[in-house]
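J.: A single structure is presented below for examination.
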Amino acid sequence: MLTIRLLRIGKKHQPSYKIVVTDRRRAPAGGRFVEEIGSYDPKSKQRNINKERAQYWVSVGAQPSDTVHNMLVTDKILNEPKRKIYFVKPEPKAEPKEAKKETPIAVAEEVKTEEIATEEATPETTAEIPDA
């Protein structure tokens with residue numbers, strides 16, 4: 001299945017994109033795309049799209065990505081509503097807790113702290129107040 005998507009070109013901090021037709025299963029990097037039908041410069045908001053070729057590929061069945069679809073709608077190549085694009089941050093994966101290796105010393109310290117806590121909570125001697 002073919003798709004129309006963006007291929008990033010350009011240096012760091014100077015993005016520029018080619019609008020290409022490529023197979024959906026493979027990335028267009030390395031020049032492995034079917035046809036280049038335009039370009040887009042996000043800094044200057046300038047885009048050049050070959051309208052006839054874009055209409056041809058859409059009529060053949062190529063599916064544009066959400067961003068390219070919105071560009072084609074803005075340039076009046078497609079007569080459809082724009083698609084909403086949501087940028088959702090992925091949830092951080094919960095790291096598995098490591099099993100605590102219990103050494104005899106650590107177990108003994110836990111037992112001592114429990115004994116101290118119970119002694120403080122229940123005093124053994126009760127003081128009687130003499131009646132005056």
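J.: Can you put Tyr56, Tyr40 in order, fewest other beta carbons within 10 Å first?
T.: Working: Tyr56 14, Tyr40 21.
Least to most surrounded, the residues fall as Tyr56, Tyr40.
J.: Something else now. Taking the number of other C-beta atoms within 10 Å as the exposure measure, put Val73, Val21 in order starting with the fewest. Intermediate values should be presented prior to the final figure.
T.: Numbers: Val73 16, Val21 22.
Ranking Val73, Val21 by Cβ neighbours within 10 Å, fewest first, gives Val73, Val21.
J.: Now, a different point. Got a sec? How would Arg5, Arg26, Arg47 order by Cβ neighbour count within 10 Å, fewest to most? Please list the in-between numbers first.
T.: Numbers: Arg5 22, Arg26 10, Arg47 15.
Fewest to most other Cβ atoms nearby, the residues stand as Arg26, Arg47, Arg5.
J.: Something else about it: Below 8 Å, C-alpha to C-alpha, sequence gap of six or more: please give me the relative contact order for the range 2-74 in percent.
T.: Values: 113 pairs, mean separation 22.7, N = 73.
In percent, rounded to a whole number, it is 31.
J.: Moving to a separate point now. Give, rounded to the nearest 20 debye, the magnitude of the charge dipole that the range 2-74 has about its Cα centre when Lys and Arg contribute +1 at Cβ and Asp and Glu contribute -1 at Cβ.
T.: Working: 14 positive and 6 negative charges, 71 e Å.
Once rounded to the nearest 20, the dipole reads 340 debye.
J.: Computed FRET efficiency, Cβ-Cβ of Glu91 and Asp66, R0 30 Å: what is it to the nearest 0.05?
T.: Working: r = 22 Å, r/R0 = 0.73.
My answer for the efficiency is 0.85.
J.: Quick one: which of Lys18/Lys89; Lys12/Lys84; Lys11/Lys89; Lys11/Lys45 span more than 19 angstrom between C-alpha atoms? Each step should come with its number before you reach the end.
T.: On the way: Lys18/Lys89 26 Å; Lys12/Lys84 28 Å; Lys11/Lys89 26 Å; Lys11/Lys45 17 Å.
In this structure, Lys18/Lys89; Lys12/Lys84; Lys11/Lys89 lie more than 19 Å apart at Cα.
J.: Please name whichever of Val58, Ser16, Thr74 sits farthest to the positive end of the charge dipole of the range 2-74, dipole taken about the Cα centre and charges placed at Cβ: Lys and Arg +1, Asp and Glu -1.
T.: Farthest along the dipole direction, towards plus: Ser16.
The numbers here are math on the coordinates, done by the rules we state, and not lab data. Computed from a prediction, not measured in an experiment: that's the story for all the values here. A quick note on method: Cβ atoms are made from the backbone with ideal geometry, for glycine too, and the neighbour counts reach across all protein chains shown.
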